Amino acid sequence: MWSCSREPVFQPLNACSGSEFGLQLQPQQSHATPEGLCQAYNYSLPVFTITFLVAFLPLGLFYNLSLVFVNLHHRASMAALDIYFVSLALANLLQLLVAVGQMLGTELLWHRQGLGEGSELPSVQTQLPTCLTLFVIFSISALAGAYSLALLSLDASLAAALPRNPMVSAHNARHLCSFVWGGALLAVFPAFLLFACRDNSDQMLDCQRLQIRRLVDAVDFFAGFLVPLLGVAVSFMLACRIHRRPLRPERPPGPHNRSLEEDEEEAAEAATFRLVRLTVVAHFSLWTLYYVLLLFYLITAHDDKEAAEWLSTRPGLHRTLRGLALLMAYSSSCVTPIIYRCLRINFSSKLDNTLSALHC
């Protein structure tokens, strides 16, 4: 899916160029699209991009950095849930760095200078390693974030099914997150092959025969979206079955049957489930459009001539969908830490203690 070359129709969904996000000085006209609608396509996405850079990006950086810093400062009191969120916040920070590199890249400057479609970019070869590096970082962080959330939801379901389960612990969560990041590095190995495909034409032909790009797209979709989504679905089904049947024996009504500790424990469990559910739903909802388009490219865009002709007559719609999918995916990196900040019970007190310690 990722490619650092300009393709006439199927310009990659997650290319590191900023051309989708740039404000075109001379909007391209389509043969089948009205002029006003074409201009709306060309001018709407830059507005969303500027809004993201001005509003969402600073909030995302602040909340992700504060989440990581506060929890690492209180390392001894970190629960398994906090460790998974720290892993997710690190992935979010990498995603936001890639977003900045993609939206404010040098190709955006060339695009604003009015280079036509037939013009050649003067330093494509010099920018190619940077583009591939951004793609590798993007893939690793996307995989690590998705699996951190999948393990978080599974751990929350296990903790609800078996209270005080020794499998759900901060020690195990640290090891699982280490395996997640190591597995993400291994899973994006096909993306590293793209570095070997960039030197000469013979290697590029070999990569085309091996279908390296399609392999990268398949790994991104199945390992980065389908498998974590399946794990989340299993954990949600388990949680629904747990909530249908009471785990604790019912007691006869009376003034002293319930203790304050039991009430606080149930309130903490409910808050944890609310936090996990909202975070998982927000993350996968914002990434769904990206992976739907990725699946479309994987199935049709490489071979289907009819799909190529259909998209070639709608360049504005095509560009807008690509850019909107990426903006929604990057927005997930800003939304999830805000949910954690609002719903994590003891995070505010930890933040206050950390700030007071810094002042001292």
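Before moving on, here are some points about what is shown:
- Fully extending the segment from GLU266 to VAL54 would add 72.3 nm, taking 0.36 nm per residue of separation and subtracting the current Cα-Cα distance.
- Net length gained if the chain between THR130 and PHE296 were fully extended (0.36 nm per residue, minus Cα distance): 57.1 nm
- Added length on full extension, which subtracts the Cα-Cα distance from 0.36 nm per residue, LEU215 to ALA233: 3.9 nm
- Label-point separation, LEU278 to ASP352 (7 Å along Cα→Cβ), nm: 2.0
- For the listed peptides 155-162, 320-327, 350-357, 76-83, a ranking on the average number of other beta carbons within 10 Å per residue, highest first, reads 320-327, 155-162, 76-83, 350-357.
- Cα→Cβ-extended label distance, 7 Å offset, between PHE62 and HIS171, nm: 3.9
Quick note: the coordinates plus some simple rules give every number you see, no bench work behind them. Because the structure is a prediction, the values reported are computed rather than measured. Note that each Cβ is placed from the backbone with ideal geometry, even for glycine, and that neighbours are counted across all protein chains shown.
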